[in-house]
Amino acid sequence: MSASLAEFRIAQPNTVKEAVAACLKHPGSRYVAGGTDLIVNMRRGISGPDLLVDLSGIDELSEIKTDGRGVTIGAGVTIAALARDKAIASRYRALAQAAAAIAGPGHRVMATVGGNLCLDTRCIYYNQSEWWRSANAYCLKNRGTVCHVAPQGQRCHAAFSGDLAPALLVYGAEVDIAGAQGQRRIPLSELYVEDGKAHLALAAGELVVAVHLPAAPPPSAYEKVRVRGAIDFPLAGVAAALTLSGTNVGSLRIALTGTNSRPFLLAGTEVFAGRPVDDKLLQEIDRLVQKQVQPMRTTIASANYRRVAAAALARRLVSKLTARE
Ligand SMILES: Cc1cc2nc3c(=O)[nH]c(=O)nc-3n(C[C@H](O)[C@H](O)[C@H](O)COP(=O)(O)OP(=O)(O)OC[C@H]3O[C@@H](n4cnc5c(N)ncnc54)[C@H](O)[C@@H]3O)c2cc1C
Ligand code: SF4
């Protein structure tokens with residue numbers, strides 16, 4: 001049974017400043033970019049803003065710019081435009097691979113970079129119709145009091161499942177955020193919090209404006225496991241960036257999505273610098289991933305499958321990047 005969309009109004013600002021002002025003026029309003037996440041959630045009664053602030057008419061958000069310091073990708077750039085950008089594909093391979101693996105072609109022409117970074121967290125007890133959720137007394141993340149995944153706890157474990165974030169994290173990306181106090185720039189890693197109910201470190205009315213990537217990225221790659229190969233969120237998604245010094249590791253960064261309530265950079269990979277990429281090192285990477293991921297029973301695949309799959313993807317990516325160098 002599908003419910004009809006509740007009534008709402010739309011504001012159509014032409015600048016970032018106007019968008020932030022509109023959102024601040026109407027508590028409870030939401031930004032909408034491609035709408036491929038938000039409108040689905042509104043349809044399910046999960047979210048019910050009475051005003052949507054539409055970002056699609058803001059030209060300054062929709063550019064990819066390159067200069068000597070690197071690449072700036074506007075939050076309104078579509079996933080399809082990102083996936084087909086030749087400069088991105090040649091230098092930021094993990095990012096192009098992640099973009100190409102998001103949803104289906106019809107979604108990608110609407111979906112945006114900003115919407116992907118600010119995607120709501122997901123759980124099989126949450127991404128359901130109103131009647132399904134009401135029949136199960138809702139849950140802690142939305143209108144209920146108990147988490148069905150971890151009933152003894154007081155925290156939501158819904159998983160962040162955006163594909164772009166891990167790819168951006170391995171390059172050390174930064175994000176520009178506009179809000180009531182003007183604009184600020186933070187490392188992308190600081191945008192996220194390990195809490196499925198409030199996973200974004202954004203104040204009321206704050207808008208993600210752009211992502212910055214450094215000019216000389218290390219070689220990188222991204223892979224994900226999903227239920228349906230043609231269209232699906234990651235059960236686990238891994239990005240890796242590796243430089244070699246001779247046959248040894250120069251630097252290694254690994255980032256993950258789909259397993260925790262936030263995308264995150266794997267801690268402790270700096271100890272691999274100077275070591276050859278052999279079975280021992282790959283086993284250590286496997287252990288590190290398995291220790292730091294925290295998959296819970298939030299998808300139709302088991303938590304343990306996602307833990308083991310994440311570790312296997314990390315090992316495989318490091319092997320592939322080594323062979324390619
Ligand atoms: C069938 C299906 C399959 C999907 N598969 C995948 C997948 O494989 N991988 C994946 O990553 N995603 C997937 N998605 C989710 C979604 O399509 C993408 O994540 C998309 O990039 C979201 O972007 P959007 O512009 O449509 O976001 P919207 O729906 O417009 O917005 C999403 C959220 O971000 C907020 N927001 C949007 N822009 C900004 C901004 N600039 N600043 C602050 N907040 C903002 C909105 O308020 C909203 O809360 C799928 C969706 C569907 C329906
Ligand atoms: S993890 Fe728990 S609180 Fe969070 S969405 Fe799932 S059931 Fe709800």
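The values are calculated or read from the model by the stated rules, or taken from the named source; none is laboratory data. Only a predicted model underlies this, so the values are computations on that prediction, with no experimental measurement involved. We place every Cβ from the backbone using ideal geometry, glycine too, and count neighbours over all the protein chains shown. SASA here: full protein model, heavy atoms, side chains in, ligands and nucleic acids out. Shrake-Rupley method; radii C 1.70, N 1.55, O 1.52, S 1.80 Å.
Data table
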| item | result |
| --- | --- |
| Unique match (being more than 26 Å from A204 (Cβ to Cβ) and either outside any helix (DSSP H, G or I) or within 16 Å of ligand 1 (Cβ to nearest atom) (or both)) among V175, V146 | V146 |
| Flag if E7 is more than 23 Å from the chain's Cα centre (by Cα) and more than 24 Å from C123 (Cβ to Cβ) | yes |
| Residue in the stretch 29-43 that is away from ligand 1 (no atom under 11 Å from the Cβ), in contact (Cβ under 8 Å) with a residue 40 or more places away in the chain and either in a loop (DSSP other than H, G, I, E, B) or farther than 24 Å from R133 by Cα (or both) present | no |
| Options G182, G144: the member that is more than 27 Å from A267 (Cβ to Cβ), without any contact (Cβ under 8 Å) to a residue 60 or more places away in the chain, small (G, A, S) and away from ligand 2 (no atom under 11 Å from the Cβ) | G182 |
| Residues of the stretch 104-141 satisfying the condition of being aliphatic (A, V, I, L, M) and either free of Cβ contacts under 8 Å to residues at least 24 places away in the same chain or open to solvent by 30 Å² or more (accessible area, probe 1.4 Å) (or both) | V109, M110, I124, A135, A137 |
| Selected residue (only one of V208, V227 is open to solvent by 50 Å² or more (accessible area, probe 1.4 Å) and β-branched (V, I, T)) | V227 |
| Qualifying residue in the stretch 194-204 (condition: without any contact (Cβ under 8 Å) to a residue 40 or more places away in the chain and closer than 14 Å to P263 by Cβ) | yes |
| Extreme residue, surrounded by the fewest Cβ atoms within 10 Å (Cβ to Cβ), among residues of the stretch 24-39 that are among the hydrophobic types (A, V, I, L, M, F, W, C) and under 22 Å from the mean Cα position of the chain (by Cα) | I39 |
| Some residue of the stretch 302-325 being among the acidic types (D, E), open to solvent by 10 Å² or more (accessible area, probe 1.4 Å) and modelled with pLDDT of 95 or more | no |
| Subset of the stretch 251-279 (residues that are open to solvent by 30 Å² or more (accessible area, probe 1.4 Å) and assigned to a strand (DSSP E or B)) | S251, R253, L265, P276 |
| Unmet requirement for A21, which otherwise passes all of (1) more than 17 Å from I177 (Cα to Cα); (2) without any contact (Cβ under 8 Å) to a residue 12 or more places away in the chain; (3) surrounded by 15 or more Cβ atoms within 10 Å (Cβ to Cβ) | (1) |
| Per-region count, the stretch 281-325, residues part of a helix (DSSP H, G or I), within 16 Å of ligand 2 (Cβ to nearest atom) and either within 13 Å of L256 (Cβ to Cβ) or among the hydroxyl-bearing types (S, T, Y) (or both) | 1 |
| Any helices (runs of 4 or more DSSP H) falling wholly within the stretch 63-130 and containing at least 3 residues that are of a type in the set (A, V, I, L, M) and within 19 Å of the chain's Cα centre (by Cα) | 79-84, 93-100 |
